[in-house]
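Engineer: Input: one structure, supplied below.
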Ligand SMILES: [Zn+2]
């Protein structure tokens, strides 16, 4: 069973997101027709229904707007606690929901600087989080 079918070219039109991530780039799609910038990446613009989208870089850094700590109901394969945050990106108008890693819950603060961390996961797949920095 493939736990990450969204990274497979045959199953997902937004697979370039993962190719970019392998290169250390966090990206999303921007509509060439109306300019709408959306997270997560789309195949069709939800504002104008155009499928003429381009990939844009979201940069590496941001800051924690707010965060929460998950102690129970942790999915298989993850160690607790999990820290989830809304990260305000430096070089984009977007705020995205992401995990914070390499920090304890006591170390994470609102307003804390974070930067992108790309992580390899089984089956030659990648995911991302943010770490202090
Ligand atoms: Zn559009």
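Engineer: Given the structure, is residue 41 crowded, with 17+ Cβ neighbours inside 10 Å and touching a residue at least 24 places away in the same chain (Cβ under 8 Å)?
Structural biologist: Here the answer is yes, as residue 41 does meet what is asked.
Engineer: Shifting gears a bit: For region 95-114, give me each residue that is under 16 Å from residue 21 (Cβ atoms) and crowded, with 16+ Cβ neighbours inside 10 Å.
Structural biologist: 96, 98, 99
Engineer: Which of the residues belonging to region 33-43 are farther than 12 Å from residue 94 by Cα and within 8 Å of the ligand (Cβ to nearest atom)?
Structural biologist: 33, 34, 35
Engineer: Any residue that is part of a loop (DSSP other than H, G, I, E, B), within 16 Å of the ligand (Cβ to nearest atom) and closer than 19 Å to residue 95 by Cβ - is there at least one of those in region 52-59?
Structural biologist: No, region 52-59 contains no residue that is part of a loop (DSSP other than H, G, I, E, B), within 16 Å of the ligand (Cβ to nearest atom) and closer than 19 Å to residue 95 by Cβ.
Engineer: Turning to a different aspect of this structure: Please work out which one of (1) over 28 Å from residue 8 (Cβ atoms); (2) not in a strand (DSSP E or B) is the condition residue 69 fails and give its number.
Structural biologist: Looking at each condition in turn, residue 69 falls short on (2).
Engineer: If I filter region 15-32 down to residues being within 16 Å of the ligand (Cβ to nearest atom) and surrounded by 16 or more Cβ atoms within 10 Å (Cβ to Cβ), which single residue comes out as farthest from residue 119 (Cα to Cα)?
Structural biologist: It comes out as 31.
Engineer: If you scan region 54-89, which residues turn out to be closer than 13 Å to residue 129 by Cβ and in contact (Cβ under 8 Å) with a residue 12 or more places away in the chain?
Structural biologist: Across region 54-89, the qualifying residues are 60, 62, 64, 67, 82, 83, 84, 85, 87.
Engineer: Related question: Do we find that residue 58 is surrounded by 14 or more Cβ atoms within 10 Å (Cβ to Cβ) and touching a helix residue (DSSP H, G or I) at 6+ places or on another chain (Cβ under 9 Å) in this structure?
Structural biologist: Criteria not met by residue 58.
Engineer: Among the residues of region 107-129, what is the count of those that are within 15 Å of residue 69 (Cβ to Cβ) and assigned to a strand (DSSP E or B)?
Structural biologist: Residues meeting the conditions: 1.
Engineer: Now a separate question. Taking into account only those residues within region 90-110 that are in contact (Cβ under 8 Å) with a residue 40 or more places away in the chain and closer than 11 Å to residue 62 by Cβ, which is farthest from the chain's Cα centre (by Cα)?
Structural biologist: Applying the filter and picking the extreme gives 92.
Engineer: Now a separate question. Looking only at region 5-39, count how many residues are in a loop (DSSP other than H, G, I, E, B) and modelled with pLDDT under 95.
Structural biologist: Count: 8.
The values are calculated or read from the model by the stated rules, or taken from the named source; none is laboratory data. Just so you know, these numbers come straight off a predicted model, no measurement behind them. Every residue, glycine as well, gets a Cβ built from its backbone with ideal geometry; the counts of neighbours run over all protein chains shown.
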